[in-house]
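Written below as structure tokens is the structure these notes are about.
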């Protein structure tokens, strides 16, 4: 039993769903199995994964949004409720070996440090072994890795050919090989969740180079080409309309030369990443074939939501430019950093035009409850269990139907109580009847959608949906009505023609919302990052004290320095002329580096590639010393200074404040992953002894420190 989950892969991105991208392994699985064109998700990663692994709706299990958030409401706690045992837990109790590799993103991020608690980590949620990353994204060349219940450093770097997608497939094959060798009678379940194709779009150079120039015609031409291929392949019904450009997507012909060059290179990076990921899937498939296990293994490939809109209208070299609402000079990027895109020194995401191409023929994107956000590919391969020559399945189905399908195929019963907790009923139904009968009815007649205030509902072939603008009254928003059986791309609004049907569907949405725990509606997003100040949180006070050596600390458990005034004090015991890192946070694109080199103390404030550095002589004698860095804020700017044994050595203005310091966490006494500055190579451990490092936040965050919610979802008019 294998469930492969891709991230931010749109409806059209696989070649077998219409694109001209290179996905031969996935296409071969589809050619020997089934392609579903009515598969739906929640429009966001953590909620979709909660649905996939529990068979219940995301609000009901406490995961309305990403696991970085914990609002205190039952529908958003950042972890899956114990009242919804995962498919891993159920299968393990049924005798299966259970393995999880890759992205997790189903534990509150403040709980992902070595201090835990580990309650929501994979091993505590039903998996015998785990190897991957706990957060929502990671640098593909320098990942923040977790092995079972502890953090580990990547076994190699990009200079040695390392890439995390290859690593997690290697680990998966190791587990299965061990099992097949020692206990060939014992079945297994592998949950393999790639970081691809979520940003950063990164892959080995040879994959990137083969896509040079392949998208120079632009997203308008490519999207139409993919749409025409979808019609020819029968992926979309004859007569389906190609949705018009989403609001805010500039026509390709109106872009400047530099914007077009930049946009194409970003799409090349995406194409290379999905091809590289497909190659890893191909390796796993061939491995299963070599063991004689492929034909009798139910293997499913899905995406968790539609193509991402987080690259904005023109794309970004670093996605955290988007989240920090800081612009990038595309002319400068094309002149100086074009070849970095897709490699170890980028964190790129493509523009809206390419995202909509990936969602062809649909409207909108990830986060939205229109088709471009919630309609995704699902491929089922099981030669021993599928008896049909018709390869396309058009039934409406949803992520909540995956676990019931797995339980149906394995015969594993769902207990009424598990681990001392009464269990919620499954909200999904098995897809197994559709395996051999392309005309079988959909597994259910109703499914609601809600994501950050966007809402929708499907009932017997009809869909009502609405687009929510944060802060606007929900009751005043207009709903649209589509007959999906005749309008695959949701382009023909029938709300004025059938107002009574629309009214009854909206009423049904509210009934479902009440039954599934959707209420209260909550459209908060980015302001919830790092907002947890419970006494059991790492952020219970404004003071953090660390005594190394320490494991790597994930970003959400690290001190909340973004935009605030702070002081960092390192108490050290040294011999003469120590060198190395005292504190590092982030990566080559954004972050902090506090280090010593050539008898100088440095603090480098890396503001998305713009470096502001305070340096001072530090001819330290043998013994104890106190080394400080201070950041003082003055409105939209700041001042950075370093202090050696009480004497201030330098003050440097910081004209560009970064409020979100990237997704990579921090190290004390070294810089383990992607180094923040080019002065050294990692890990650059401090050669003295660090007795303790204290972070003190001076004052609470201003409202200006919270990126405006209106900009977190850039697909709006």
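Counting only residues that are part of a helix (DSSP H, G or I) and touching a helix residue (DSSP H, G or I) at 6+ places or on another chain (Cβ under 9 Å), which one in the stretch 306-331 is surrounded by the most Cβ atoms within 10 Å (Cβ to Cβ)?
So the first thing to find is which residues in the stretch 306-331 are part of a helix (DSSP H, G or I), and the list is 319-323, 330-331.
Retained after the next criterion (residues that are touching a helix residue (DSSP H, G or I) at 6+ places or on another chain (Cβ under 9 Å)): 322-323, 330-331.
On the way: 322: 24, 323: 21, 330: 20, 331: 14.
Restricting to residues being part of a helix (DSSP H, G or I) and touching a helix residue (DSSP H, G or I) at 6+ places or on another chain (Cβ under 9 Å), the top hit is 322.
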It is to be established whether one or more residues within the stretch 455-469 are at pLDDT below 95 and either more than 26 Å from residue 49 (Cβ to Cβ) or in the same structural domain as residue 241 (by TED's automatic domain parsing) (or both).
yes
Residue 53 passes all but one of the listed conditions (1) within 21 Å of residue 116 (Cα to Cα); (2) in contact with a helix residue (DSSP H, G or I) (Cβ under 6 Å, 6 or more places away or on another chain); the exception is number (1)
In the stretch 12-43, the residues that are touching a strand residue (DSSP E or B) at 6+ places or on another chain (Cβ under 9 Å), in a loop (DSSP other than H, G, I, E, B) and surrounded by 24 or more Cβ atoms within 10 Å (Cβ to Cβ)
13, 14, 41, 42, 43
Odd one out for residue 417 among (1) in contact with a helix residue (DSSP H, G or I) (Cβ under 8 Å, 6 or more places away or on another chain); (2) within 26 Å of residue 61 (Cβ to Cβ)
(1)
Any chance residue 217 is farther than 21 Å from residue 142 by Cβ and either part of a loop (DSSP other than H, G, I, E, B) or not assigned by TED's automatic domain parsing to the domain that holds residue 277 (or both):
yes
Residues of the stretch 229-240 being within 15 Å of residue 375 (Cβ to Cβ) and not in a helix (DSSP H, G or I), in sequence order, are 235, 236, 237, 240
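Could you pull out the residue among 81, 60, 46 that is at pLDDT 95 or above, in the same structural domain as residue 7 (by TED's automatic domain parsing) and not in a loop (DSSP other than H, G, I, E, B)?
Residue meeting the stated conditions: 46.
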Residues located in the stretch 642-667, provided they are buried (at least 24 other Cβ atoms within 10 Å of the Cβ) and either in contact with a strand residue (DSSP E or B) (Cβ under 8 Å, 6 or more places away or on another chain) or on the phi > 0 side of the Ramachandran plot (or both):
642, 658, 661, 662, 664, 665, 666, 667
So for the stretch 144-152 (the condition being modelled with pLDDT of 95 or more, touching a helix residue (DSSP H, G or I) at 6+ places or on another chain (Cβ under 7 Å) and in a loop (DSSP other than H, G, I, E, B)), does at least one residue qualify?
yes
Selection from the stretch 264-305 of residues that are crowded, with 24+ Cβ neighbours inside 10 Å and in a loop (DSSP other than H, G, I, E, B)
304, 305
Quick check, is residue 715 at pLDDT below 95, surrounded by 15 or more Cβ atoms within 10 Å (Cβ to Cβ) and in a strand (DSSP E or B)?
no
Do we have any residue at all in the stretch 602-611 that's free of Cβ contacts under 8 Å to residues at least 40 places away in the same chain, surrounded by 18 or more Cβ atoms within 10 Å (Cβ to Cβ) and not in a loop (DSSP other than H, G, I, E, B)?
yes
Pick from 284, 231, 192, 288: which is assigned by TED's automatic domain parsing to the domain that holds residue 349 and under 22 Å from residue 365 (Cα atoms)?
231
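Considering each of 238, 286 in turn, give the residue that is free of Cβ contacts under 8 Å to residues at least 24 places away in the same chain and touching a helix residue (DSSP H, G or I) at 6+ places or on another chain (Cβ under 8 Å).
Working: 286 fails: touching a helix residue (DSSP H, G or I) at 6+ places or on another chain (Cβ under 8 Å).
Being free of Cβ contacts under 8 Å to residues at least 24 places away in the same chain and touching a helix residue (DSSP H, G or I) at 6+ places or on another chain (Cβ under 8 Å) holds for just one of 238, 286, which is 238.
If you check residue 112 against the conditions, is it in contact (Cβ under 8 Å) with a residue 24 or more places away in the chain, crowded, with 22+ Cβ neighbours inside 10 Å and within 16 Å of the chain's Cα centre (by Cα)? Spell out the reasoning first.
Numbers: in contact (Cβ under 8 Å) with a residue 24 or more places away in the chain: yes; crowded, with 22+ Cβ neighbours inside 10 Å: yes; within 16 Å of the chain's Cα centre (by Cα): yes.
Considered against the rule, which asks whether it is in contact (Cβ under 8 Å) with a residue 24 or more places away in the chain, crowded, with 22+ Cβ neighbours inside 10 Å and within 16 Å of the chain's Cα centre (by Cα), residue 112 comes out as yes.
Look through 94, 105, 147 and report the one residue that is assigned by TED's automatic domain parsing to the domain that holds residue 202 and under 24 Å from residue 536 (Cα atoms).
Working: 94 fails: under 24 Å from residue 536 (Cα atoms); 147 fails: under 24 Å from residue 536 (Cα atoms).
Step by step, each of 94, 105, 147 is checked, and only 105 is assigned by TED's automatic domain parsing to the domain that holds residue 202 and under 24 Å from residue 536 (Cα atoms).
Might you let me know whether the stretch 667-683 holds any residue that is in the same structural domain as residue 569 (by TED's automatic domain parsing), more than 29 Å from residue 346 (Cβ to Cβ) and either in contact with a helix residue (DSSP H, G or I) (Cβ under 9 Å, 6 or more places away or on another chain) or modelled with pLDDT under 95 (or both)?
Within the stretch 667-683 (the criterion being in the same structural domain as residue 569 (by TED's automatic domain parsing), more than 29 Å from residue 346 (Cβ to Cβ) and either in contact with a helix residue (DSSP H, G or I) (Cβ under 9 Å, 6 or more places away or on another chain) or modelled with pLDDT under 95 (or both)), the answer is no, since none of the residues qualifies.
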Could you count how many residues in the stretch 171-204 are touching a helix residue (DSSP H, G or I) at 6+ places or on another chain (Cβ under 9 Å) and assigned to a helix (DSSP H, G or I)?
4
When (1) within 30 Å of residue 398 (Cβ to Cβ); (2) within 19 Å of the chain's Cα centre (by Cα); (3) surrounded by 24 or more Cβ atoms within 10 Å (Cβ to Cβ) are applied to residue 370, the one that fails is (2)
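Taking strands (runs of 3 or more DSSP E) that do not extend beyond the stretch 445-523, which have at least 3 residues that are under 26 Å from residue 66 (Cα atoms)? Full working, then the answer.
On the way: elements: 446-451, 454-459, 462-466, 480-483.
Because the criterion is at least 3 residues that are under 26 Å from residue 66 (Cα atoms), the strands (runs of 3 or more DSSP E) in the stretch 445-523 that meet it are 446-451, 454-459, 462-466.
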Taking the conditions exactly as written (touching a helix residue (DSSP H, G or I) at 6+ places or on another chain (Cβ under 6 Å), assigned to a loop (DSSP other than H, G, I, E, B) and crowded, with 21+ Cβ neighbours inside 10 Å), does residue 342 satisfy them or not?
yes
Checking the structure you have, find out if any residue of the stretch 695-709 is surrounded by 20 or more Cβ atoms within 10 Å (Cβ to Cβ), modelled with pLDDT of 90 or more and in a loop (DSSP other than H, G, I, E, B).
no
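Answer yes or no as to whether residue 248 is in contact (Cβ under 8 Å) with a residue 40 or more places away in the chain, in the same structural domain as residue 23 (by TED's automatic domain parsing), buried (at least 24 other Cβ atoms within 10 Å of the Cβ) and part of a loop (DSSP other than H, G, I, E, B).
Values: in contact (Cβ under 8 Å) with a residue 40 or more places away in the chain: yes; in the same structural domain as residue 23 (by TED's automatic domain parsing): yes; buried (at least 24 other Cβ atoms within 10 Å of the Cβ): no; part of a loop (DSSP other than H, G, I, E, B): yes.
No; evaluated as a whole, the condition is false for this residue.
The values are calculated or read from the model by the stated rules, or taken from the named source; none is laboratory data. As the structure is a prediction and not an experimental result, all values here were calculated from the model. Note that each Cβ is placed from the backbone with ideal geometry, even for glycine, and that neighbours are counted across all protein chains shown.
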